[in-house]
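A short worksheet on the structure shown next.
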Ligand SMILES: [Ca+2]
Ligand SMILES: [Ca+2]
C-alpha cells in the first residue's frame, strides 16, 4: 500500500518530470498521524553532462547509452530575442542566431559549401565597403593601441578587485602603466599612433603577445584557426571594414591559420622580439 502511495506521489506530485532512472530508492513510512514519504534520489550523472560537442552539434546517447555528437537541427535552436542575435555568415546570408548558422554548417558537413561557411560578423548582413591598401596599413595602428588600452583597463580594474590578470601578467602591464611616456587612451590621429609606435615600440610587444595567447586556446598550439580568431574578428568586422582583409593577409603562407610569427609580424613586431614566454 505504501508503495502505491509513493508511485501515486511521483505521478501526480511535484516529482512529475523527474527522470525515472534518477530514482533509485523510495522509502515510505508512516508515523502516528501522517504519511511521510521519504524519497532518496540518486542523481545518476547523465553521460552527456560532461561531454563537449563543438558548435552546431549536440550530445545524444546511442543505443548503448554512450554519448556522441550529432548535428543539431536549426529548427531546434532557441529563437532570436532581437536583432542583436542575428549574425551574418560568410555566405552573405543573415541567420537569426549563431546557433542556426552552426547547425546549418554542421548539416552541410562534407560539402564545399559547409567547409566554406563561417560566422563572418555579428548583426544582419550589410554592405561592408572594400578595404583599400592605404586603410589596411592604418588598421594595425589602431588595433595595437586598442590592445594596449584594453590591458591597461584590466590592470586598473585588477587594482580594485583582482581577477582578470595573473601576477605574471600584472607585472608586465605594470611597466606599461607606469611609463609616463605612454599615449593615453583616446582618438588619436594615425600619424600620432605611428609616431608613438616608433617611440614607444617596447610597450606594444606584450599586448600583441597577450592577445594572441587569449585567442590561442582551442587548442593552445601557437596557431590561430578561423574559429579561434572569431571572438576578436566577429564583433570588429561591422565597425572596422578592414578587419577581414587584415586577418586574411596576416596568414602570409595561406595555410588558413595565423601562426605566432605571422601574427606578430602583422602588428609590426620584429622577429627578434617574438618571445613565447610572453604567452604565459
Ligand atoms: Ca590554436
Ligand atoms: Ca599561416
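Taking label points 7 Å from Cα along the Cα-to-Cβ direction, residue 245 and residue 153 give a separation of 2.7 nm. Apply the a/c threshold of 1.5 to the C-alpha gyration tensor of the stretch 57-122 and tell me whether it is rounded, prolate or oblate. Verdict is oblate for the stretch 57-122. In this rough spin-label picture, where each label sits 7 Å from Cα along the Cβ direction, the residue 271-residue 59 distance is 4.5 nm.
Using 1/(1 + (r/R0)^6) with R0 = 30 angstrom and r between the beta carbons of residue 49 and residue 93, what's the FRET efficiency to the nearest 0.05? Given R0 = 30 Å and the Cβ-Cβ separation, E is 0.35.
Extension gain for residue 174-residue 190 works out to 3.2 nm (0.36 nm per residue, less the C-alpha to C-alpha distance). Here r is the Cβ-Cβ distance between residue 113 and residue 68 and R0 is 22 Å; the resulting FRET efficiency, rounded to 0.05, is 0.35.
Roughly speaking, what is the centre-to-centre gap between the stretch 235-280 and the stretch 92-143 when only Cα atoms are used, to the nearest Å? Taking the Cα centre of the stretch 92-143 as reference, the centre of the stretch 235-280 is 18 Å away.
For the peptides 162-174, 74-86, the ranking by packing is 162-174, 74-86, with the highest mean count of neighbouring Cβ atoms within 10 Å listed first.
Only the coordinates and a few stated rules stand behind these numbers; no lab work does. All figures in this text were calculated on a predicted structure; none of them were measured in a lab. In this analysis, Cβ positions are derived from the backbone assuming ideal geometry, glycine residues included, and neighbour counts consider all displayed protein chains.
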